[in-house]
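Coordinate-derived values only; no laboratory data. Small disclaimer: the values here were computed from a predicted structure and weren't measured. Using ideal geometry, Cβ is built from the backbone for each residue, glycine included, and neighbour counts are taken over all protein chains shown.
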Amino acid sequence: MGGVEDDEPASKRMKLSSEELIHLSNGSTVKESIVGSSRDLMARPLHSEGGKEVVGSKGVIKKVEFVRIIAKALYSLGYIRSGAHLEEESGIALHSSIINVFMRQVLEGDWDESVTTLHNIGLTDEMTIKSASFLILEQKFFEFLDEEKVMDALKTLRTEISPLCINHSRVRELSLSIVSPSHCFTVRSPKQDTSRARSRTKLLEELQKLLPPTVMIPERRLEHLVEQALGLQRDACMFHNSLDEEISLFADHQCARDQIPSYALQILQAHTDEIWFLQFSHNGKYLASSSHDCSAIIWEVDANGLSLKHKLSGHQKPVSSVSWSPDDHQLLTCGVEEVIRRWDASSGECLSVYEKAGLGMVSCGWSPDGKWIFSGVNDKSISMWELDGRELECWKGQRTLKISDLEITSDGKQIISICRETAILLLDREAKVERFIEEDQTITSFSLSRDNRFLLVNLLNQEIHLWSIEDDLKLVSKYRGHKRTRFIIRSCFGGLEQAFVASGSEDSLVYIWHRGTGELIEALPGHSGAVNCLSWNPTNPHMLASASDDRTIRIWGLNNLSAKQKDTHGNGIHYCNGGT
């Protein structure tokens with residue numbers, strides 16, 4: 001463990017390690033004096049660390065490591081005497097004597113001694129030793145400059161730092177700080193503070209990151225392990241879907257099924273034909289739907305549910321899809337092989353129409369800055385437009401199909417579209433690089449995750465595939481259970497941190513899976529026709545919307561929300577009593 005034997009009790013050995021050397025974070029100075037030099041402190045294992053005693057029912061936790069981490073946590077929390085008592089009673093030191101000497105030397109500015117001690121700790125990686133030495137000598141260099149000892153700083157740079165033969169660009173920056181003192185402030189890293197005490201403690205923190213954790217336990221190690229354990233419990237929880245759900249250390253975490261939106265709280269009935277598509281705005285305050293009745297509707301979301309805001313008329317053909325602008329102030333609607341219309345979401349006014357002579361639009365999307373729009377065209381090309389309707393660019397060739405979704409990543413670099421029956425194109429428009437997701441089955445639709453790292457791909461064979469697209473294209477998971485034989489069925493990510501996958505189905509049910517495990521959580525009845533599309537409110541993990549051939553939109557929520565009874569046909573809205 002990089003320590004040395006010592007006849008004295010742990011509490012009497014180098015208390016500097018505990019008391020930060022424990023007050024690192026607040027810049028406190030250390031007043032304890034420590035006797036001894038590093039020259040006779042070559043690292044040897046502590047006697048108490050020689051055994052393999054373990055704790056815990058599974059026999060995987062080494063007692064020595066466990067005690068040292070607890071001691072570290074006690075000191076970090078300010079329980080100095082408790083940490084010292086633990087070291088004394090257990091006979092297990094937080095740090096070895098040589099590490100305590102090294103820490104004292106750094107905090108007291110004994111630079112030459114600290115470099116010597118560093119070499120005696122017993123590190124085997126030469127690059128680690130060089131990198132740590134560089135940090136120490138850099139601090140020495142800056143302190144000489146602070147004291148206006150320019151020649152001493154120059155000597156340190158020439159005879160100690162440069163011979164390490166690492167970080168050459170940094171060496172050049174240090175040289176410039178000698179020639180131009182004003183440059184000194186620009187080259188100082190965050191650890192070099194104007195206060196010498198704070199600067200040295202930050203240096204020690206940087207050194208701690210370089211040295212092996214068995215030598216110097218990382219800061220907040222116990223907190224990190226506990227947070228990691230809680231995170232794993234949360235991720236493994238099938239129904240975790242609430243920011244308000246507190247995770248306690250006293251019991252294993254498990255949410256109840258009632259965190260999943262599985263109760264129909266509202267039925268929206270303003271469309272007069274099949275509803276094919278719907279999408280919540282990015283801020284969750286609106287829902288847009290499109291229908292075979294050649295119209296789109298903007299619904300407003302408030303504390304009482306959803307209400308009709310605007311019915312958008314003007315398309316001569318069924319409206320196949322909609323797309324919200326990044327600021328949610330505007331909405332695109334796309335007619336089936338017809339035109340794209342841009343609407344003002346506040347007034348309901350049509351602002352512009354995008355069309356190409358002799359051709360029809362099949363899909364639509366926005367650039368992340370809202371300055372351009374993209375469209376799939378039925379000649380298999382993809383076009384980019386100015387908002388005023390001027391076409392800027394056109395990617396010709398096999399770029400899209402007549403039935404295809406269109407997504408643009410949030411950095412604006414990639415355009416994603418179904419380019420062949422069994423392939424999705426990921427076109428990097430800046431690097432002009434094309435990548436392809438290849439499937440064995442016909443692709444019917446896809447959906448991009450909010451973090452742009454994953455695609456949900458719906459297939460003809462009644463499967464939904466989850467693909468990672470961040471680096472190498474990789475099939476991650478498969479979801480099964482829903483029914484699809486004739487129609488375009490869409491799925492979506494949703495819930496807290498998009499931990500769930502929801503899909504429509506031709507059997508009139510809404511299907512919800514846990515994204516991580518692929519396990520089916522719910523199959524929600526209620527619709528009387530095929531469920532074509534779903535959208536999960538991005539700001540409310542307890543609100544899910546489904547669109548169906550039965551001409552209705554169902555708003556799903558939790559059963560503990562109060563739903564008001566209103567006139568069944570009032571403003572095209574029906575309020576349920578929590579049942580389905």
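Side notes on the structure shown:
- Calculated FRET value between TYR79 and GLU463, using beta carbons and R₀ = 35 Å, to 0.05: 0.05
- Over 30 Å (Cα to Cα) - which of LYS285/LYS413; LYS309/LYS371; LYS432/LYS483; LYS380/LYS413; LYS52/LYS209; LYS396/LYS474 fall in this group: LYS432/LYS483
- Of the residues ALA84, LEU137, PHE102, the one whose Cα sits farthest toward the positive end of the charge dipole of the range 43-149, with +1 on the Cβ of Lys and Arg and -1 on the Cβ of Asp and Glu, is ALA84.
- Spin-label model, VAL55 to ALA357: label points 7 Å out along the Cα-to-beta-carbon direction sit 8.2 nm apart.
- Here the range 214-234 is scanned for amide nitrogen atoms under 18 Å from the site 7 Å beyond the Cα of ARG453 along Cα-to-Cβ, giving 228-234.
- The label-point distance for GLN441 and LEU176, in a model that sets each label 7 Å from Cα toward Cβ, rounds to 5.8 nm.
- In order along the range 487-502, phi translates into HN-Hα couplings of 9, 7, 10, 10, 10, 8, 7, x, x, 4, 6, 6, 7, 10, 10, 10 Hz, rounded to whole numbers, per the Karplus curve 6.51 cos²θ - 1.76 cosθ + 1.60 with θ = phi - 60° and x for Gly and Pro.
- You can think of it this way: the chain between ARG158 and GLU421 has 88.1 nm of extra reach, that is 0.36 nm per residue less the Cα-Cα gap.
- Kirkwood's formula applied to the C-alpha pairs of the range 259-561 gives a hydrodynamic radius of 19.0 angstrom.
- Karplus-based coupling profile of the range 112-125, in residue order and whole Hz: 5, 5, 5, 5, 4, 4, 3, 6, 8, 5, x, 6, 9, 8, with θ = phi - 60° in 6.51 cos²θ - 1.76 cosθ + 1.60 and x standing for Gly or Pro.
- Between LYS483 and ASP369, the contour length at 0.36 nm per residue exceeds the Cα-Cα span by 37.3 nm.
- Here is the list for the range 121-184: GluC sites (Glu not before Pro) lying in DSSP coil, each with at most 16 other C-beta atoms within 10 angstrom of its C-beta, are GLU147, GLU148.
- Legend: calculated FRET efficiency, GLU349 to ASN304, from the Cβ-Cβ distance at R0 = 25 Å, rounded to 0.05, equals 0.45.
- Nearest-0.05 FRET efficiency for GLN398 and VAL433, computed from C-beta distance (R0 22 Å): 0.85
- Low-density loop positions, GluC sites (Glu not before Pro), the range 288-357 - DSSP coil, at most 11 other Cβ in 10 Å: GLU349
- Inter-probe distance in nm under a simple model that places probes 7 Å from Cα toward Cβ, at GLU386 and SER242: 5.2 nm
- The amide H of TRP299, built 1.01 Å from its N in the peptide plane, has LEU287, ALA288, SER289, LYS309 as neighbours under 5 Å, considering only residues 5 or more places off or on other chains.
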